[in-house]
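Everything below concerns the one structure shown next.
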Amino acid sequence: MPQAPPVVTSSTAASLRAAPTQFTCTWREGGSDAAWVHVAGELDLATSPLLGHALRDAQLYARVVVLDLREVTFIESTGVHVVLDAAASVRRGDGRLILVRGPTHVDRALTLTDASSQVLIVDLDPSDPPARALLHLAQHELVVEGSAPLPARRAVGE
């Protein structure tokens, strides 16, 4: 298991609040070829590379990556760009990126960039585990016309 990324304190949005929020970004195996990426704090120019690194690591492990944005307190265009790049990368590898919808201001930034056309965004209660997002994926694939289930992952060298 990779080491957890360092904790970074960002000050991009500090002028909007009294004190900057501590940023954390971790990922873990989820079983069934899934990985969970949890982000908390401000997602900005200083912290987006850490999210990008965590998403790349998770994609190496799993075809389905769930990105939990429920604890993101601030997001700017660099953070959105990292999410959309990860979505494109996962699709190229025959996988899926699922976003767990964050607070209103995070959702607004994703809506303005039309992220919902590139990733599945699900609503979960704060107490729901990220694994519930897989249920939303299964339901989404049953409803979307022409959607195929995830293909089997090929072993390296096939």
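The values are calculated or read from the model by the stated rules, or taken from the named source; none is laboratory data. Predicted, not measured: the structure shown is a model, and the values here were computed from it. Reconstructed Cβ throughout: ideal geometry from the backbone, glycine too, with neighbour counts over all protein chains shown.
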Practice task
Go through the range 91-121 and count every residue that is assigned to a helix (DSSP H, G or I), crowded, with 17+ Cβ neighbours inside 10 Å and at pLDDT 90 or above.
Solution key: 4
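Test residue 135 against the stated conditions and say whether it is among the aliphatic types (A, V, I, L, M), modelled with pLDDT of 85 or more and at negative phi. Lay out the reasoning, then the answer.
Values: among the aliphatic types (A, V, I, L, M): yes; modelled with pLDDT of 85 or more: no; at negative phi: yes.
When the stated conditions are applied, residue 135 does not pass them.
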Handout entry: Subset tally (residues that are in a strand (DSSP E or B), aliphatic (A, V, I, L, M) and out of contact with any Ser or Thr (no Cβ under 6 Å at 6 or more places or on another chain)) for the range 22-56
Key = 5
Exercise for the section: Filter the range 57-90 down to residues that are acidic (Asp, Glu), in a helix (DSSP H, G or I) and more than 22 Å from residue 132 (Cα to Cα), then give me how many there are. Expected result: 1
